[in-house]
Amino acid sequence: MDYCKEVISDEEKEILQEIMNIAFGQAAADLADVINIFVVLSVPYIEMLNAQDLPEYLKSQVCSYDRISIVEQNFWGDFKGSAFLVFQGNAGRELVSLFGEDSGEFSLESIDALEKETLMEVGNILIGACVGKLSELLGDLVTYSPPRVVIENTPNDAIPANVFESNSSAIVLKTVFNFNERDVNGFLFLVTSHDSILWLKKSLADFMEQYE
Amino acid sequence: MLKKILLVDDSPISRRMMKSCIPKDRGYEIYEAGDGLAGFEAYKANQPDVTFMDLTMPVMDGSESTARIREFDPKAVVVVCTADIQIKSITNVLDLGALMVMKKPPSKETVEDALSKAAAVIG
């Protein structure tokens, strides 16, 4: 059974994909303005899942990673959900140097703190710009929870067990990226809950109306 | 005078958005391709006056397609229409010979501006 087709049509999925593409492009440009980095973008893709399958899905995406860093941020508006910015390996420590910090002069504890702060800052920029642009294009305004950073040596432990209530649907928007000339790559998931789907379908139609 | 327009974008929705922004009363012939390689082939087959090119695409990206088109025809007019608005991406495609870069999503105004600039180059 194609669960996705039951909730959003192929055309709605394509519109959402294009809007996600525009939104993440904006986020990458915002990050490139702040730090000297070039973000290599890829074509985003959309999946519709039952919410109870989400933790397993997210785990399956990161199971090959030895170490994982996740920046998690929730957002509320008509467009409501959670963003997970997932980095592989020691991305946080790579990113620290991009912010001009010399981590060699710090203790291990302060390096860990600096790594978390850096990930939080990068997460704030990428998630805020991406979700902000996406909601702007769809005529919404969202507010955000403070970002939360989780760094784990066992990826499975970093994935929250209950993202949304089971027996509801969730849309996963996934964009893979890597930072050129740096050993930093990962992906951004936006997971929006069942509550947003009716609003989303109407907003996608409204967005396309200007192009009829 | 512009007669033929090629749209290269992997997203059918994005091509539809672009087409809707192109004035319908001028009788343009519009060709479409879904990736950079198909775009290059479509350019060779149809010799459009202006090509609107996306950057992030499977098979062959828009930068390489632009480079190939400009190598094949140094007078080719390529307008990059992209969500990737990082300075490095923009300067890269301008260095490859793109006429200009348009930020997605397109609008009737930005497309009209691009068509005017393309017409001025063609003469």
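The values are calculated or read from the model by the stated rules, or taken from the named source; none is laboratory data. Given the structure is predicted, the values throughout are model-derived calculations rather than measurements. Cβ: placed from backbone, ideal geometry, glycine included. Neighbour counts: every protein chain shown.
Quick one: which helices (runs of 4 or more DSSP H) lie wholly within region A:1-116 and hold at least 3 residues that are modelled with pLDDT of 85 or more?
Here the list reads A:10-34.
For A:Phe189, indicate whether it is within 12 Å of another protein chain (Cβ to nearest Cβ) and under 18 Å from the mean Cα position of the chain (by Cα).
The answer is no for A:Phe189.
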Pull up region B:80-93, narrow it to residues that are assigned to a helix (DSSP H, G or I) and without any contact (Cβ under 8 Å) to a residue 24 or more places away in the chain, then point me to the one that is nearest to the other protein chains (Cβ to nearest Cβ). B:Lys88
So, first residue at positive phi in region A:85-102, second residue modelled with pLDDT under 80 and surrounded by fewer than 16 Cβ atoms within 10 Å (Cβ to Cβ), Cβ within less than 8 Å, six or more apart or across chains; the pairs are A:Gly89/A:Asp66; A:Gly89/A:Asp183
Quick one: how many residues across region B:11-45 are within 14 Å of chain A (Cβ to nearest Cβ) and touching a strand residue (DSSP E or B) at 6+ places or on another chain (Cβ under 9 Å)? 9
When you scan region A:180-212, how many residues do you find that are at pLDDT 85 or above and outside any strand (DSSP E or B)? 17
Tell me yes or no: at least one residue of region A:34-51 is more than 14 Å from chain B (Cβ to nearest Cβ) and acidic (Asp, Glu). yes
Where residues in region B:94-123 are in a helix (DSSP H, G or I) and touching a helix residue (DSSP H, G or I) at 6+ places or on another chain (Cβ under 6 Å), which of them is nearest to the other protein chains (Cβ to nearest Cβ)? B:Lys108
Per the filter on region B:39-55, residues under 13 Å from the mean Cα position of the chain (by Cα) and either under 17 Å from A:Ser42 (Cβ atoms) or not hydroxyl-bearing (Ser, Thr, Tyr) (or both) are B:Gly39, B:Phe40, B:Ala42, B:Gln47, B:Pro48, B:Asp49, B:Val50, B:Phe52, B:Met53, B:Asp54, B:Leu55
In region B:68-111, how many are polar (S, T, N, Q) and over 24 Å from A:Asn36 (Cβ atoms)? 2
Residues that are aromatic (Phe, Trp, Tyr) and buried (at least 21 other Cβ atoms within 10 Å of the Cβ), drawn from region B:25-55: B:Phe40, B:Tyr43, B:Phe52
Check B:Pro58 against each of (1) buried (at least 21 other Cβ atoms within 10 Å of the Cβ); (2) farther than 22 Å from B:Thr110 by Cα; (3) within 14 Å of another protein chain (Cβ to nearest Cβ) and name the one condition it does not meet. (1)
Considering only residues that are in contact with an Asp or Glu (Cβ under 8 Å, 6 or more places away or on another chain) and surrounded by fewer than 19 Cβ atoms within 10 Å (Cβ to Cβ), which ones fall in region B:88-123? B:Ile122
Hey, could you check region B:61-79 for residues that are within 14 Å of another protein chain (Cβ to nearest Cβ) and over 18 Å from A:Glu18 (Cβ atoms) and say which is surrounded by the most Cβ atoms within 10 Å (Cβ to Cβ)? B:Ser63
Give region B:1-40 a look and list any residue that's in contact with a helix residue (DSSP H, G or I) (Cβ under 6 Å, 6 or more places away or on another chain), among the hydroxyl-bearing types (Ser, Thr, Tyr) and farther than 20 Å from A:Met20 by Cα, or say none. B:Tyr31
Going by the conditions given, is B:Pro48 more than 14 Å from chain A (Cβ to nearest Cβ), in contact (Cβ under 8 Å) with a residue 24 or more places away in the chain and part of a loop (DSSP other than H, G, I, E, B)? yes
For region B:5-37, name all the residues that are within 13 Å of the chain's Cα centre (by Cα), free of Cβ contacts under 8 Å to residues at least 40 places away in the same chain and over 16 Å from B:Ala114 (Cα atoms). B:Tyr31, B:Glu32, B:Ala33, B:Gly34, B:Asp35, B:Gly36
